Amino acid sequence: RHRKEVIETLTVAQINKLLNACNLRTFIGVRDYTIIMLLVETGVRANELIGINVEDINFSNGVIRIRNAKSYRERLVPIQSKMKDQLRKYLNIRGQAITDALFVTLDGTAISKRQVQSRITGCARKAKITDVRVSCHTLRHTFAKLCVMNGANAFQLQAILGHTTLDMTKVYVN
């Protein structure tokens, strides 16, 4: 059997540094800020993030529909009012695009998984976060840790993360 290593997560201070590394005066900066905020707020996978369409956001119910799930099961992920406000700001500057995808590039095409990963790595470099590997998956683990610290139980976390078994959720809670 292989030893399971604990995956390092970000502190709240590091999350703030990562968010502050985004230039909110540019479209790219606002988009990256919104992406990072959404990853930390919802714990969605990078692949799920790029699969979110504008119509998947239900502001009145405070949920986002995740269609591109690893388990092939759609799920609804809750978002808080601060996230809803940020999504509204982003959608306002995003304007009309040639795609239904929520997150787009400057030319209006859907952003790729590789581009998301690259942007997050770049923000981490700019924020000078070196003691923790910063990636989409690290943000997912950070979300899980923060959920548990704020009182979520394993079953709630399993549903939000989209795990089919509690075994996988245990890895995140560890």
| request: With a 1.4 Å probe and every protein chain kept in, tell me what percent of the accessible surface of region 1-122 is carbon plus sulfur. | output: 46 percent
| task | Specify the longest stretch of the chain that does not include any exposed loop site, a site being one of the GluC sites (Glu not before Pro) with a non-H, G, I, E, B DSSP assignment and at most 14 other Cβ atoms within 10 Å. | result | 75-174
| remark: So for region 15-55, using the alpha carbon gyration tensor with a ≥ b ≥ c as root eigenvalues (a/c under 1.5 gives rounded; past that, a/b versus b/c decides prolate or oblate), I'd call it oblate
| request: Would you please name the trypsin sites (Lys or Arg not before Pro) within region 68-121 that are DSSP coil residues with at most 14 other C-beta atoms within 10 Å of their C-beta? | output: Lys70, Arg73
| About the Cα centre, charge dipole magnitude for the chain (Lys/Arg +1, Asp/Glu -1 at Cβ), debye | 400 debye
| request: Relative to the longest principal axis of the C-alpha atoms of the chain, give the angle of the C-alpha long axis of helix 81-94, reported between 0 and 90° and rounded to the nearest 10°. | output: 40 degrees
| field | Helical mean residue ellipticity (222 nm; -39500 (n - 2.57) per DSSP H run of 4+; nearest 500) of the chain | value | -15500 deg cm²/dmol
| request: Compute the acute angle (0 to 90°) between the alpha-carbon long axis of helix 136-149 and the principal axis of greatest extent of the alpha-carbon atoms of the chain; round to the nearest 10°. | output: 60 degrees
| task | Note the angle between two axes, namely the Cα long axis of helix 113-126 and the longest principal axis of the Cα atoms of the chain, as a number of degrees from 0 to 90, rounded to the nearest 10. | result | 90 degrees
| Candidate residues Tyr90, Tyr33: accessible-area rank, largest first, probe 1.4 Å | Tyr33, Tyr90
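The values are calculated or read from the model by the stated rules, or taken from the named source; none is laboratory data. Quick caveat: nothing in here was measured; it's all calculated off a predicted structure. Every residue, glycine among them, receives a Cβ derived from its backbone with ideal geometry; neighbour counts consider all protein chains shown. Areas reflect the complete protein model, heavy atoms only, side chains present, ligands, DNA and RNA absent. Shrake-Rupley method; radii C 1.70, N 1.55, O 1.52, S 1.80 Å.
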